[in-house]
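To start, the structure itself, in structure tokens.
The values are calculated or read from the model by the stated rules, or taken from the named source; none is laboratory data. All figures in this text were calculated on a predicted structure; none of them were measured in a lab. Here Cβ is always computed from backbone atoms with ideal geometry, including for glycine, and neighbour counts include all displayed protein chains.
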Amino acid sequence: MSFDWQSIDYTKPLVMGILNVTPDSFFDGGSYTTKETILRRFEAMIQDGADIIDIGAYSSRPGAEDISAEEEFERLKFALTIAKEKFPQIPISIDTFRLAVIKNVLDFYGPVMVNDISGGNYDAEMMRFCADNNLPFVCMHMQGTPQTMQIKPQYINVVSEVLDFFKKKIEEAESLGLTQFIIDPGFGFGKTVEQNYELLNNLEKFVELGYPVFVGVSRKSMIQRVIDCTAKEALNGTTVLNTISLLKGAKIIRVHDVREAKEAVMIVRATTK
């Protein structure tokens with residue numbers, strides 16, 4: 001039996017652990033491609049306190065290879081088989097923008113959270129499908145595609161333009177009856193380093209839209225370029241940005257390092273009671 005998404009509590013911050021079953025993700029590509037390594041990753045994140053596990057089979061790093069929906073699902077199926085057998089009660093999110101993939105996942109595994117980097121723009125029926133099947137939908141803002149998003153991203157005012165994007169998406173979600181709608185500003189997706197920090201500095205404006213705000217900054221270049229480090233050296237910077245995000249009202253933080261993120265949540269909750 002898979003997780004009942006109607007029972008999820010978004011009033012307290014949740015930590016989403018990342019499981020990339022790709023060969024080319026920016027930080028851990030190729031690390032989780034066998035049954036043994038995937039099982040160990042599940043076990044470690046659950047032991048560290050992950051509230052949700054996000055499985056991605058399509059790398060969205062800048063310039064990543066485009067793969068077919070069939071190949072994407074086959075990668076997901078391998079990991080979902082392990083989840084179904086060993087951890088049926090852990091909430092699973094699927095990082096995809098393809099409705100065909102989600103339909104296959106629903107048939108094979110059951111209800112999941114849909115983490116769509118295109119915000120429903122790549123497949124016009126994605127949000128309707130999530131509404132009709134009571135699936136939580138993470139709507140991310142991205143300028144361009146994973147292959148083009150970091151080629152001179154341009155905005156007149158990044159905060160107001162991304163806010164306008166979500167206001168329109170909220171109208172669409174409400175018209176469809178999509179109740180579990182989640183806002184992801186899309187840090188690192190079609191934004192310069194300066195634009196990423198401008199969005200973070202104004203995160204409370206996204207919280208004011210009235211839906212849970214999702215932040216994914218784990219080990220990204222917006223950290224690396226400020227403190228001159230590699231992705232492997234960016235854990236401390238990740239914790240700082242996660243803490244700022246939580247203090248500004250973020251309800252889901254997506255991370256490679258679950259234990260450290262859970263500790264940040266505990267400390268922030270202790271200071272804001």
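There is at least one residue in region 11-24 that is at pLDDT below 75 and over 26 Å from Pro212 (Cβ atoms). Within region 213-226, none of the residues are assigned to a helix (DSSP H, G or I), touching a residue at least 40 places away in the same chain (Cβ under 8 Å) and closer than 18 Å to Ser118 by Cβ.
What pairs can you find where one residue is in region 11-39 and among the small types (Gly, Ala, Ser), the other is part of a strand (DSSP E or B) and modelled with pLDDT of 70 or more, and their Cβ atoms are less than 6 Å apart, with a gap of 6+ or different chains? Short answer, once both residue conditions are applied: Gly17/Ile53.
When restricted to residues that are surrounded by 15 or more Cβ atoms within 10 Å (Cβ to Cβ) and free of Cβ contacts under 8 Å to residues at least 12 places away in the same chain, region 196-212 contains 0. For region 44-58, does any single residue satisfy the condition of being modelled with pLDDT under 90, out of contact with any Lys or Arg (no Cβ under 6 Å at 6 or more places or on another chain) and surrounded by fewer than 22 Cβ atoms within 10 Å (Cβ to Cβ)? No, every residue in region 44-58 fails to be modelled with pLDDT under 90, out of contact with any Lys or Arg (no Cβ under 6 Å at 6 or more places or on another chain) and surrounded by fewer than 22 Cβ atoms within 10 Å (Cβ to Cβ).
Look at Val193 and say whether it is surrounded by fewer than 19 Cβ atoms within 10 Å (Cβ to Cβ) and in contact (Cβ under 8 Å) with a residue 40 or more places away in the chain. No; evaluated as a whole, the condition is false for this residue.
Among the criteria (1) more than 18 Å from the chain's Cα centre (by Cα); (2) assigned to a helix (DSSP H, G or I); (3) of a type in the set (A, V, I, L, M), the one Leu209 does not fulfil is (2). Every test in (1) surrounded by 20 or more Cβ atoms within 10 Å (Cβ to Cβ); (2) of a type in the set (Phe, Trp, Tyr); (3) at pLDDT 90 or above is passed by Tyr32 save one, and that test is (3).
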